[in-house]
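What follows is a short report on a single structure.
The values are calculated or read from the model by the stated rules, or taken from the named source; none is laboratory data. Predicted model only: the values in this text are computed from it and were never measured. Note that each Cβ is placed from the backbone with ideal geometry, even for glycine, and that neighbours are counted across all protein chains shown. Accessible surface is based on the protein model in full, side chains and every heavy atom, while ligands, DNA and RNA are left aside. Shrake-Rupley method; radii C 1.70, N 1.55, O 1.52, S 1.80 Å.
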Amino acid sequence: MKRKLVATGFGAIVALVVTAGPALAQESEISEAAAVQAVLDNLWLVIAGALVFLMQAGFAFVEAGLTRAKNIANIMAKNLADMAIGAVAFFVIGYSLAFGGGNDWWGGLGDFFLADSADPSVLNAGGGLTDNVTPAASFFFQVVFAATAVTIASGAMAERTKFTTYLIFSAVMTAIIYPIVVHWTWGGGLIAQMEIGDAKYSDFAGSTIVHLTGGVAAFMGAFFLGPRIGKYDDDGKPRAIPGHNIGYAVIGVFILWFGWFGFNAGSELAADSLVPFLALNTLLAAAAGVLGASLVIWIKSGVPDVAMAGNGALAGLVSITAPVGAVEPWAALVIGFTGGLIVVFAVLGFDRIRIDDPVGAIAVHGVCGIWGTLSIGLFARYDDAFLGREEAGLFYGGGLDQLAMQAVMVVIVVAWVGATTAILFATMKATIGLRVSAEEEMDGLDVREHGGPGYNHEMLHI
Amino acid sequence: MKRKLVATGFGAIVALVVTAGPALAQESEISEAAAVQAVLDNLWLVIAGALVFLMQAGFAFVEAGLTRAKNIANIMAKNLADMAIGAVAFFVIGYSLAFGGGNDWWGGLGDFFLADSADPSVLNAGGGLTDNVTPAASFFFQVVFAATAVTIASGAMAERTKFTTYLIFSAVMTAIIYPIVVHWTWGGGLIAQMEIGDAKYSDFAGSTIVHLTGGVAAFMGAFFLGPRIGKYDDDGKPRAIPGHNIGYAVIGVFILWFGWFGFNAGSELAADSLVPFLALNTLLAAAAGVLGASLVIWIKSGVPDVAMAGNGALAGLVSITAPVGAVEPWAALVIGFTGGLIVVFAVLGFDRIRIDDPVGAIAVHGVCGIWGTLSIGLFARYDDAFLGREEAGLFYGGGLDQLAMQAVMVVIVVAWVGATTAILFATMKATIGLRVSAEEEMDGLDVREHGGPGYNHEMLHI
Amino acid sequence: MKRKLVATGFGAIVALVVTAGPALAQESEISEAAAVQAVLDNLWLVIAGALVFLMQAGFAFVEAGLTRAKNIANIMAKNLADMAIGAVAFFVIGYSLAFGGGNDWWGGLGDFFLADSADPSVLNAGGGLTDNVTPAASFFFQVVFAATAVTIASGAMAERTKFTTYLIFSAVMTAIIYPIVVHWTWGGGLIAQMEIGDAKYSDFAGSTIVHLTGGVAAFMGAFFLGPRIGKYDDDGKPRAIPGHNIGYAVIGVFILWFGWFGFNAGSELAADSLVPFLALNTLLAAAAGVLGASLVIWIKSGVPDVAMAGNGALAGLVSITAPVGAVEPWAALVIGFTGGLIVVFAVLGFDRIRIDDPVGAIAVHGVCGIWGTLSIGLFARYDDAFLGREEAGLFYGGGLDQLAMQAVMVVIVVAWVGATTAILFATMKATIGLRVSAEEEMDGLDVREHGGPGYNHEMLHI
């Protein structure tokens, strides 16, 4: 709209308030300042959503770095597909299941294709997920979360999954499996309607809703696929298959960490004074996660493994995602550090039980997702004054009630995602197949599935 | 200014409103809330401009990934130079041609070196391109677009262009050729003054103004340079010269996609409730572009080519850049998907007519730029209520009139950029030369033009 | 807090203003619009801080690109550790030294662990470094600067430093050495209390406070470590040890440049109409730095060295960091260009005196940090009307007084950081040792210190 205001001339600031904020103001008779605040809320969701979008580049870097060079094109293709398929599937079906059709316990129905809000003048009025933001902003922020949820599984299934199989999985996840979890929680359904004592479920930005969902799908994928050729020796002992580029992995961690400020602080769904607090807790937990994971792996293996340090950052981030708005900074440190400790043992544990997860996604997103969700029962402040939240309807029942509520939430999500992805993978295994042939796996998926190697470094000296 | 407010002590919030917003408020007697809105508009332009700036890293990654390792230093040097030369040339000349000196049809003159607004107190008052934003914000947002326009051509001219030749091209583009296009459109000149029936030109964020401009320059560059050695076999059939790092290419696509949220949603030149809608359409079109391009290449070649999927995302983004504020989300999907279909045929088509474009820039930015511009004639909503735009002076005449107007715009830009870049390249070809020697091309430009290879991987095992 | 507002229903915009802005409004009886402005100030600090955070990825890319492939894991580990250790050390001690306990000349004491503001309701009220922003926002923005200060030194110490030694250095820098510098300046201590004539120290975003601090530490590190094996031939002449990936280096420069918009424009510590001006000056100085450095190196060496062009951008950025809010755009161009000229001579000069700095950090951050700080004495506008700053308590004494004041500032920071880091490195050298063994250095730090190579490219053809 560059032309508009050039032409408009003097007085455009006033005109702007007429077109921008007060468009909303007129409808709901709010003050001019409240209209500016509403614009600010919407803008923050767009910026935060864009940061979450960039996490796709972070995931791609991490997954590529921790796997072998012969599969990089396939990994890039999957991450690109997660965003492309995810956006379309969430637009067509997922968003309506998650947020359409009222608070039915099981799922929503309605607003397919954003149909109820298809008129852009509606898309730009208030009345999105919250009354302060527009449907367009709500969708934009939610769709990047959907893409994140499915991309998590990509890493655990790397280096052996058929591309078409993966695409189907990606579509089903973003169209149905993840949206149902969202409906049950942020959408006001099943889990949101439960109470234990005074405690209601609490998962600010999605330790369970996004990360555990992705982590359980990752587990099922790795389980049904089986380990990569060469991962276990003749005695069944795990062997390290080192990634091909630790630089990619760490740069990816930095990009994810950066995007996570949008993930967590954007989940406030408003621009208010809590936003810096959320960013602060996010930073501290990730930093502590690096220290926790480094400490354990250094003691256990004798060397400060860099990939594990990076996974420690992600572990801290996943862990703080649920409690980020409910705990004090010192507790964010403790939660992140503990997440860092946990992730090392979890990675080694899955290795031992023959769940071959090339990037440690199940440990990072699944196990630390559970830890983060439960940590609310241990560290959340229960007093009414905390962050002035009692007015906002947020309530922590406290103690065992809250811990139990969080555990129930975990169990329900694990059961739902575990069952549906198990059915999906089992069905595909019995029909189109999950896995590339052994020859393809040895040659690399790039050559066989994508027409050529992802690297052509021999050209260096042509 | 960290010191200021530390010293100021209590009451600084009020002071801030005095120094920040109300600086403007005092002059134009607007409300306190409108002053905050003006600050917000300026801030959004800075954030969006920074996102567009980051697209340089995206372009560098894409271009490097799709070309050979022996030329990576040269590619990086060109991208860095585009930003460096572009910023200075646009500051010295370009911005004044684009926006200085009123609405003369041919170009502006005035405000060289931001001279008319050189006093920083003016640079920070209202009265930039729109009255709500400052000249500093206006310049910042526009200059990164100029750098983008020229960088587009870099890819098509890769692996064989003399570095000094490229630098001259870069300077002329950002000082003169691109600014004139901007003056004719966003600056209120030639094209902006035309009407066909009720229809006026419409190009929200620059499918034609930025991308087609870059695409035409890319075509002329590739045409005058001729194909790379080895691109065509003895029978004249094109051979694939695969890029050296598909990971770079896809990461670059993600960064460009991320930056495009600033490109499109920032082009609103204000923080208002349309911003999330613009981001939403941008996301959907890119996602659909991936699907469209993947579908075609998969059918035609039998494999899901990853580079083409990435180009599909860019095709969707270029296509939606003009109509992003004029079409509904379903139409954004259709426009992006169609862009994805088109780009594959265009890439293969230019290959066939011996226009050697290593990264597909002409297809992505040129052809899809045209498609996006024309798509307004097919998909724009004409009713007055759409987004409340009739008040803002935006008008779509509808139907064939609009389609014709868009076509005229395309023709004028193609003619101007085609003629000027043809003259420029022909002149340089006749004098300093366009192309490195055959030996340099074989050895790689890095060793011969930049003093050494861009990679030194043999050091791995030292 | 996704649940809150979903549940809240209609009227949430008003509720928001109650919970968000007016939380502050109620306490200080400011207007509703001022409350929105306060929210905006806080939000901008979070966004700008996140951009500064991303600079870690930029530093990692630059440092990795300019060094050898055999050390990439170590480089990534150090950069990750700088953020992790830096965040925790600054939380526990550093922030309190910098900003706690009033304006004592030597340092602060108090608010350890953000103790005075540990109650999140305080963390989210006003009263951070400035009264318009919250303690949480203040800490978040400052902590990423601390991590930047220490990461600067990482590059100069690359390829030969023991990992544990580096970790101790990183902790001491972020816990004590850097925070004291901050206290003396932005914290209101020693340097802030000095005057020469009418002139007070001026360092908007930290040419001296951050970059020179890092640069001096880098110098001392390189000095005590000594040069890498093979850096000097038998006659003592320096030999080039080219980096392994110029692509990484330039991408890193783009990411740093992007983050610098947050670094400089965020240092306004408020969202006001100066922000675009700061971004503009930052862009121009960096662009000019590329041109300056390219010009010199092209003339001296006969080729446009790409790494040096990249360092030119960083030189321009470091140079403009202090004067960014005090000079006109043309002066930003001159300051950046001069920084670009200087950095080439400085890099070559340190090479000659046997200070082996693999990435040129001492030249970029140290020498250009000094240049940028002094440039205020030459280019700052002294008239009261400039940017309306006289009301804000900002004052430039002008001429020689100001130049002298800036020089005193440089001397004090060089003395403090030089002395403390010299003691630290000397102590560590005498005890645990600074340097890995010659064998480790030859094999690369990755294999010996981190358990394996950072690259496994031979897997390409498995």
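Key figures for this structure:
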read-out	value
Selection from segment C:78-102 of residues that are under 23 Å from the mean Cα position of the chain (by Cα) and farther than 18 Å from A:A285 by Cα	C:K78, C:S96, C:L97, C:A98, C:F99, C:G100
All positions within segment A:194-203 that are within 24 Å of the chain's Cα centre (by Cα) and crowded, with 24+ Cβ neighbours inside 10 Å	A:Y201, A:S202, A:D203
Any hit, segment A:255-264, residues being farther than 30 Å from C:L40 by Cβ, open to solvent by less than 10 Å² (accessible area, probe 1.4 Å), out of contact with any Gly (no Cβ under 6 Å at 6 or more places or on another chain) and not small (G, A, S)	no
Test: residue in segment A:244-260 that is within 30 Å of C:H244 (Cα to Cα) and in contact with a Lys or Arg (Cβ under 6 Å, 6 or more places away or on another chain)	yes
Residues of segment C:273-324 that turn out to be part of a loop (DSSP other than H, G, I, E, B), crowded, with 24+ Cβ neighbours inside 10 Å and among the hydrophobic types (A, V, I, L, M, F, W, C), as a count	3
Residue among C:A240, C:A293 that alone is touching a helix residue (DSSP H, G or I) at 6+ places or on another chain (Cβ under 8 Å) and of a type in the set (A, V, I, L, M)	C:A293
Residue in segment C:341-349 that is at the interface with chain B (Cβ under 9 Å from one of its Cβ atoms), open to solvent by 20 Å² or more (accessible area, probe 1.4 Å) and at pLDDT 95 or above present	no
Meets criteria (at pLDDT below 95, small (G, A, S) and either at positive phi or over 18 Å from the mean Cα position of the chain (by Cα) (or both)) for B:G65	no
Near pairs, Cβ below 7 angstrom, 6+ apart or cross-chain, from segment A:150-164 (closer than 19 Å to A:A430 by Cβ) to any residue that is among the basic types (K, R)	A:R160/A:R228; A:R160/A:R435; A:T161/A:R435; A:K162/A:R435
Residue within segment A:160-176 that is assigned to a loop (DSSP other than H, G, I, E, B) and open to solvent by 30 Å² or more (accessible area, probe 1.4 Å) present	yes
Hits in segment B:429-455 (condition: aliphatic (A, V, I, L, M) and crowded, with 21+ Cβ neighbours inside 10 Å)	B:L434, B:V436, B:L445
Condition check for A:I191: among the β-branched types (V, I, T) and open to solvent by less than 20 Å² (accessible area, probe 1.4 Å)	yes
Selection count, segment B:147-159, where residues are assigned to a helix (DSSP H, G or I) and not small (G, A, S)	4
Residues of segment A:82-100 satisfying the condition of being assigned to a helix (DSSP H, G or I) and either open to solvent by less than 10 Å² (accessible area, probe 1.4 Å) or hydroxyl-bearing (S, T, Y) (or both)	A:D82, A:M83, A:A84, A:G86, A:A87, A:F90, A:F91, A:G94, A:Y95, A:S96, A:A98
Scan of segment B:198-243 for residues that are touching a strand residue (DSSP E or B) at 6+ places or on another chain (Cβ under 8 Å), of a type outside the set (F, W, Y) and not in a loop (DSSP other than H, G, I, E, B), ordered by number	B:G221, B:L225, B:P238
Residue satisfying all of: in segment A:302-337; of a type outside the set (A, V, I, L, M) and closer than 20 Å to C:I75 by Cβ; farthest from the other protein chains (Cβ to nearest Cβ) among these	A:N311
Cβ-Cβ under 8 Å pairs, at least 6 apart or on other chains, segment A:212-225 side touching a residue at least 40 places away in the same chain (Cβ under 8 Å), far side hydroxyl-bearing (S, T, Y) and in a helix (DSSP H, G or I)	A:L212/A:T373; A:T213/A:Y178; A:G214/A:T148; A:G214/A:T151; A:V216/A:T421; A:A217/A:T421; A:M220/A:T421; A:G221/A:T421
Check on C:V46, open to solvent by less than 10 Å² (accessible area, probe 1.4 Å) and either at pLDDT below 95 or not charged (D, E, K, R) (or both)	yes
Check on A:A57, open to solvent by 10 Å² or more (accessible area, probe 1.4 Å), within 14 Å of chain C (Cβ to nearest Cβ) and either touching a residue at least 24 places away in the same chain (Cβ under 8 Å) or under 17 Å from B:A313 (Cα atoms) (or both)	no
Subset of segment B:208-235 (residues that are buried (at least 24 other Cβ atoms within 10 Å of the Cβ) and within 11 Å of chain A (Cβ to nearest Cβ))	B:I209
Failed condition for C:E268, given (1) at the interface with chain B (Cβ under 10 Å from one of its Cβ atoms); (2) open to solvent by less than 10 Å² (accessible area, probe 1.4 Å); (3) in a helix (DSSP H, G or I)	(3)
Test: B:L109 is without any contact (Cβ under 8 Å) to a residue 60 or more places away in the chain, more than 23 Å from the chain's Cα centre (by Cα), crowded, with 23+ Cβ neighbours inside 10 Å and away from chain A (no Cβ under 14 Å)	no
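Yes or no, residue by residue, for (1) modelled with pLDDT of 95 or more; (2) away from every other protein chain (no Cβ under 11 Å); (3) farther than 27 Å from C:F277 by Cβ:
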| position | (1), (2), (3) |
| --- | --- |
| B:T165 | yes, yes, yes |
| B:M173 | yes, yes, no |
| B:G197 | no, yes, yes |
| B:G206 | yes, no, no |
| B:K237 | no, yes, yes |
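Listed here are the residues, each with its yes/no results for (1) on the phi > 0 side of the Ramachandran plot; (2) at pLDDT below 80; (3) away from chain A (no Cβ under 14 Å); (4) touching a strand residue (DSSP E or B) at 6+ places or on another chain (Cβ under 9 Å).
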{"position": "B:A38", "(1), (2), (3), (4)": "no, no, no, no"}
{"position": "B:A84", "(1), (2), (3), (4)": "no, no, yes, no"}
{"position": "B:F91", "(1), (2), (3), (4)": "no, no, yes, no"}
{"position": "B:A98", "(1), (2), (3), (4)": "no, no, no, no"}
{"position": "B:S117", "(1), (2), (3), (4)": "no, yes, yes, no"}
{"position": "B:S121", "(1), (2), (3), (4)": "no, yes, yes, no"}
